[in-house]
Each structure stands twice: as structure tokens, then as C-alpha cells.
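Heads up, the thing below is written out as C-alpha cells.
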Amino acid sequence: GPKMAAGSGPAARELFAEGLLQFLRPAVRQLDRHVHSVRESQVELREHIDSLATELCRINEDQKVALDLDPYVKKLLNARRRVVLVNNILQNAQERLRRLNHSVAKETVRRRAMLEAGGYQGK
């Protein structure tokens, strides 16, 4: 009951740790899914920027257009650089999330094995 949860012995700590793991597992998985979808849209964005830049360069080379598109191409390439930067940050975050997910899973397996081997003895 609530009295047990309020305690501070090994059993209460164990209960808290188990609860934390139960909470962490789905949270980490959901974060991983979000990061993944953001990365996919970033790749899409980069492809759009690339084709737009290519198009602008082509129009720019076509001398019939009395318009200097170089600054726009530069802006696009700047945007592209930022997209790549964000993608690198997201990739690092995702790798950290995967490692966290792995440790959470390992800890869960370790705990289950410990419980099945005769319960929690305390220290």
C-alpha cells in the first residue's frame, strides 16, 4: 500500500527503480521515434533546398534574365548548411537515446533475472 511506498528501505528503493524503468522505456522509445521523423523531414528539406539551388543556378546562367540570383543561391546554401548542422545534432541525440534505451533494457533484464533467482535480498 501507500505506506510501503513511503518507506526508505531496500524494497521501497527497488519499487521506485522499477517504476522509473517502467516510465523510462516508453518515453525513450517515443523520443527516438520523434527524432527519427524530424531527421526524415530534415533530409526532405535538404533535398528541396538542393533542387531549388540547382534551379536558381540554371536560371542565373541563362543570361536572358536580368537578375543577379547569386545572393539567393548563397542564402539557400547557408540554409542548407544549417539543416546539415541540425541533422548532425539530431543524429548525436538519437545515438545517445539508443544507448540509453539499451541500458534501460539491460537493467530491466538484469532485474528480472535477479527476481527470478530468488527475489531481492537487499544490501
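The values are calculated or read from the model by the stated rules, or taken from the named source; none is laboratory data. These numbers were taken from a predicted model, which means no experiment stands behind them. With ideal geometry, Cβ positions are generated from the backbone for all residues, glycine too; neighbour counts draw on all protein chains shown. Just the protein is used for accessible areas: all its heavy atoms, side chains included, with ligands, DNA and RNA removed. Shrake-Rupley method; radii C 1.70, N 1.55, O 1.52, S 1.80 Å.
Kindly evaluate VAL38 against the criterion of being open to solvent by less than 90 Å² (accessible area, probe 1.4 Å) and assigned by the TED database to the domain that holds GLU18. So VAL38 passes the test.
As a summary of the residue check, ALA79 satisfies the conditions (1) over 30 Å from LEU20 (Cβ atoms); (2) in the same structural domain as GLU14 (by the TED database); (3) surrounded by 13 or more Cβ atoms within 10 Å (Cβ to Cβ) except for the one numbered (2). Any idea which of (1) under 22 Å from THR108 (Cβ atoms); (2) outside any helix (DSSP H, G or I) is the one GLN63 doesn't satisfy? The one condition GLN63 does not meet is (1).
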